[in-house]
Amino acid sequence: MKKIEAIIRPEKVDDVLAALEDAGYAGIMITEIKGHGKQKGITQQWRGSEFRISLLPKVKIEIVVKDADVAKITKTVINAAKTGNIGDGKIFIYPVDDAVRIRTDERGDVAI
Amino acid sequence: MKKLSSIFFILIGLFLITSIPVLAEEAAQGQSAVAVTTAAPAIPAAQDVKIRLADPSGISTGNTSDITAAKPGSPTTGEITDAIGHNKIAINLMWTLITGFLVMFMQAGFAMVETGFTRAKNVAHTMAMNLMIYPLGMIGFYVCGFAIMFGGMGALGTLGGYAGLDSEFTISLFGKTFGLIGTKGFFLNGVYDVGVFGLFLFQMVFMDTTATIPTGAMAERWKYASFVIYGLLVGSVIYPVFGNWVWGGGWLSTLGSNFGLGHGHVDFAGSSVVHMTGGVIAIVGAKILGARIGKYNADKSPNAIPGHSIPMAVIGTFILAFGWFGFNPGSTLAGTDLRISVIAVNTMLASATGAFAATLWMWWVRGNKPDPSMMCNGMLAGLVAITAPCAFVSAGGAAVIGLISGVLVIEAAFFIERKLRIDDPVGAIAVHGVNGAWGCIALGLLADGTYGDGWNGVAGTVKGLFYGGGSSQLVAEIIGVSANIIYVGIISYIIFKLIDLAIGNRVSPETEIAGLDVPEMGVPGYSGVKLDPHSETPFSR
């Protein structure tokens, strides 16, 4: 069992959700976050002076999947979220010890 | 849907019912008119009285019978000339009042430009200053400002000729008389005349334009209590003294008749009297207050502190440009002075070339983006610069004046921010101070000699250096500009220093960082809206 955590552009959320649904994964979590990567934000101009907006709005998507599905889901997210430009985001994959469905006490892969 | 349509039919029914008596009345009127004309020979005296019929085209409304006469319908020559004179003054007074109402609306423009260019955490404070400067300034002007400025101006030429404003305090130097301040009309006492009241309204809204300029340059850190004291003093003391010198019969207006310097210091609608005065108060006040926290780095380089609403600032700029059609054409104080169309066209041309030059200068010459805030400043700079010369220059002159002002405002804003290191969040000093001075000097250069015969008691039209008028008009303009800087600079320095000693001019650093809205005014400007602290905090480049 793995957790796929994808930091993506806010405007790509709908595309990624649709792609995951097509791939058969409806269970996801979304958080609106702020952050910056290697570029440390973007520059804007005001009255002839440049200034940096260092924290940009991003969306974090978390999906817990079976080990066998990790490659497929990762690919699905990449295809839907990619623009090819700086700021497309990152994907992190973590091991997950266990999962519990609260309603039925089921554990493991059946619970996700 | 059914309900809606039934309401609609009821309304139509009501309309039909109410219009029936009107139609009937019209028919009855027509009949009675016929009846009177046929019956007329029986009563000879009634022959002169024409019965007024409905006049949908408007062609025949307003005729002999509308002239006030002892014998209605048959006015004497004296009665006719009285009516003509009355109408002329009525047109002038109505023009003065309506253009004054337009200038009053500029307060809304200033409020929006200044608040749009400042941060969301300070909007209630910035707006409150812009609201209260109107009553505070007006109270000061009513108490003594009007008397100081116009107490000795003499007869009101275009507004009925009342000569009660006849008391000027003067001193004698070099055998010449120098008018310093007027001394009649405190609380509008002793000048209970329709012309004087019209003049009061028009000049009051001009004064309030000056008064509201420093609230932009000093925004986001000015203690409200200090602002209130300033607000009472600007309209009662700072503004009217210089105003008297130029418009109230004071010494700058008599430089021509006393020393042969052109027509004296000529400022048609207030580049110096109104805008430069505001700009000089603004630079003194902003310097004394110091820069906003975060504006300058340790190495003295400036940071950008972006304003929170470009749309608000742009709408404010348009309100100001609209109000300027009152500001400049209204300064004839006469709707019967048909130069008003030239003045209005010159005003709009300069605003266009000012905005155009500003955006091109930022974009192509400075290599930045086109910059909406500088476009706004450029349009206002063109308007400020054309304010003094608007009645005296050609269309080409107006376009050139605006073009130069658009470049000047940007370079001046950079100079003030980066060399003088005075923090002016909205560009008020560059727009009103620098371009106010440029407007007066432009008059000395470009006045084309087609207008202003007899201005300030000097025969002949107003002519600048480039139109064969020699340098004397230019010298008078430079003296006026210098006098403004010296007088307004010193008096506002004294006033701000005294307020600082008494109660302090600046809010605490904690208040400034939190935003002035809640600590100073008790309420956030955008209640219930979560502000983004990262967009509020500048980062060094």
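Observations
- Residue among B:Phe117, B:Phe105 that is crowded, with 22+ Cβ neighbours inside 10 Å and touching a helix residue (DSSP H, G or I) at 6+ places or on another chain (Cβ under 6 Å): B:Phe117
- If you go through region B:234-272 and keep only what is of a type in the set (S, T, N, Q) and in contact with a His (Cβ under 7 Å, 6 or more places away or on another chain), you end up with just B:Ser253.
One line per residue, one yes/no per condition, for (1) part of a loop (DSSP other than H, G, I, E, B); (2) surrounded by 16 or more Cβ atoms within 10 Å (Cβ to Cβ); (3) more than 22 Å from the chain's Cα centre (by Cα):
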residue: B:Tyr134; (1), (2), (3): no, yes, no
residue: B:Gly145; (1), (2), (3): no, yes, no
residue: B:Ala155; (1), (2), (3): yes, no, yes
residue: B:Leu180; (1), (2), (3): no, yes, yes
residue: B:Gly190; (1), (2), (3): yes, no, yes
residue: B:Gln203; (1), (2), (3): no, yes, no
residue: B:Ala211; (1), (2), (3): no, yes, no
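- Qualifying residue in region B:452-463 (condition: crowded, with 22+ Cβ neighbours inside 10 Å and either in a helix (DSSP H, G or I) or touching an Asp or Glu at 6+ places or on another chain (Cβ under 8 Å) (or both)): yes
- Pick from region B:341-377, criterion under 21 Å from B:His432 (Cβ atoms), among the polar types (S, T, N, Q) and within 14 Å of chain A (Cβ to nearest Cβ), ranking: nearest to the chain's Cα centre (by Cα): B:Asn377
- Residue that is under 16 Å from B:Ser341 (Cα atoms), in a helix (DSSP H, G or I) and modelled with pLDDT of 95 or more, where the choices are B:Gly439, B:Gly444, B:Gly402, B:Gly397: B:Gly397
- Residue in region B:389-402 that is in contact (Cβ under 8 Å) with a residue 40 or more places away in the chain, more than 14 Å from chain A (Cβ to nearest Cβ), crowded, with 24+ Cβ neighbours inside 10 Å and more than 29 Å from B:Thr254 (Cβ to Cβ) present: yes
- Residue list for region A:18-46, restricted to those being in contact (Cβ under 8 Å) with a residue 12 or more places away in the chain and under 13 Å from A:Glu62 (Cα atoms): A:Leu20, A:Tyr25, A:Gly27, A:Ile28, A:Met29, A:Ile30, A:Thr31, A:Glu32, A:Ile33
- Any hit, region A:59-71, residues being away from chain B (no Cβ under 14 Å), of a type outside the set (Gly, Ala, Ser) and out of contact with any strand residue (DSSP E or B) (no Cβ under 7 Å at 6 or more places or on another chain): yes
- In region B:243-256, the residues that are at pLDDT below 95 and of a type in the set (Val, Ile, Thr) reach residues that are surrounded by fewer than 24 Cβ atoms within 10 Å (Cβ to Cβ) and assigned to a helix (DSSP H, G or I) with C-beta atoms within less than 9 angstrom, at least six apart or across chains, in these pairs: B:Thr254/B:Asn456; B:Thr254/B:Gly457.
- Neighbours by Cβ (under 9 Å, 6+ apart or cross-chain): first from region B:413-439, away from chain A (no Cβ under 11 Å); second surrounded by fewer than 24 Cβ atoms within 10 Å (Cβ to Cβ) and hydroxyl-bearing (Ser, Thr, Tyr): B:Arg421/B:Tyr296; B:Asp423/B:Tyr296
- Among the residues examined, B:Lys287 does not qualify as at pLDDT below 95 and among the basic types (Lys, Arg).
- Put simply, of B:Val342, B:Val384, B:Val434, B:Val409 the only residue that is buried (at least 19 other Cβ atoms within 10 Å of the Cβ), touching a Cys at 6+ places or on another chain (Cβ under 9 Å) and in a helix (DSSP H, G or I) is B:Val342.
- Any chance B:Ile283 is in contact (Cβ under 8 Å) with a residue 12 or more places away in the chain, over 20 Å from B:Gly100 (Cβ atoms), of a type in the set (A, V, I, L, M, F, W, C) and surrounded by 24 or more Cβ atoms within 10 Å (Cβ to Cβ): yes
- Any hit, region B:106-126, residues being of a type in the set (Phe, Trp, Tyr) and more than 30 Å from B:Ala304 (Cβ to Cβ): no
- Going through (1) in contact with a Lys or Arg (Cβ under 8 Å, 6 or more places away or on another chain); (2) within 14 Å of another protein chain (Cβ to nearest Cβ); (3) aliphatic (A, V, I, L, M) one by one, A:Val96 falls short only on (2).
- Filtering A:Arg47, A:Arg101 for residues that are basic (Lys, Arg) and away from chain B (no Cβ under 14 Å) leaves a single hit, A:Arg101.
- Which numbered condition B:Trp95 misses (of (1) crowded, with 23+ Cβ neighbours inside 10 Å; (2) farther than 25 Å from A:Trp46 by Cβ; (3) more than 16 Å from the chain's Cα centre (by Cα)): (3)
- Qualifying residue in region A:35-45 (condition: farther than 30 Å from B:Thr359 by Cα, part of a strand (DSSP E or B) and modelled with pLDDT of 90 or more): no
The values are calculated or read from the model by the stated rules, or taken from the named source; none is laboratory data. None of the values given here were measured: they were computed from a predicted structure. Using ideal geometry, Cβ is built from the backbone for each residue, glycine included, and neighbour counts are taken over all protein chains shown.
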